[in-house]
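Here's the structure, in structure tokens; my notes come after.
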Amino acid sequence: MKKTFSYNFLPTKAEEEAAVACNKPHQVTRTLVEITDIYLAQSLCTDPKNPWKIRKCITSKEILTGKILISHEDMFEHVFRYWTLEMAKHVILGNTSMVILIDYSGKRFKTGDAYVKNGPIRDTYVVGFMDVIRMQGLNPGDEIGIFWDRRGGTFGFKLLGRGDSVN
């Protein structure tokens, strides 16, 4: 199942009357819904040696805050797709969801101090894991990979390459 937003552009009669009574225009709202996806998600098992669906070069701000910014598209396509509707709604409504993150860079490291929440920009999300960033000694420009392991219900993380530390 795929998660997407459903927008309410046309008010019901009751919503229209309430807006008129308050002398305010109708506010377009959106709701997270689950739909049957006609295109099946690519299985993470297609290349078990390279499951890193979300790749990015991290910035100095992300290192300082311990929060990696994830786009709406990446979060919906590679993470929320595998979560239950309730779990995804919990985050979208502004709550923080604690997750387990496994670091696959060399020595395996598991942390329960990781979390997912809304990002600072509309339709962005944050994955926070300061302890992994510190343990790996990440620098600006380093390329990292993240994926949601649906079998284990955990995030996977790996340092894919060292950057030039210019960021």
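Computed quantities for the displayed model
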| item | result |
| --- | --- |
| Those residues of the range 111-165 which are in a helix (DSSP H, G or I) and at pLDDT 90 or above, in sequence order | M130 |
| Residue list for the range 123-148, filter: among the acidic types (D, E) and either outside the structural domain of G112 (by TED's automatic domain parsing) or surrounded by 15 or more Cβ atoms within 10 Å (Cβ to Cβ) (or both) | D131, D142, E143 |
| First in the range 16-34 and part of a helix (DSSP H, G or I), second anywhere and among the polar types (S, T, N, Q), Cβ under 9 Å, 6 or more apart | A19/Q27 |
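Here is a yes/no grid of residues against (1) in contact with a Cys (Cβ under 8 Å, 6 or more places away or on another chain); (2) surrounded by fewer than 20 Cβ atoms within 10 Å (Cβ to Cβ); (3) touching a residue at least 12 places away in the same chain (Cβ under 8 Å); (4) within 21 Å of R150 (Cβ to Cβ):
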site	(1), (2), (3), (4)
P51	no, yes, yes, yes
E73	no, yes, no, yes
F80	no, no, yes, yes
A88	no, no, yes, yes
V99	no, no, yes, yes
G106	no, yes, no, no
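The values are calculated or read from the model by the stated rules, or taken from the named source; none is laboratory data. Everything quoted here is computed from the prediction, not taken from an experiment. Because the Cβ atoms are built from the backbone with ideal geometry, glycine has one as well, and the counts that use them run over all protein chains shown.
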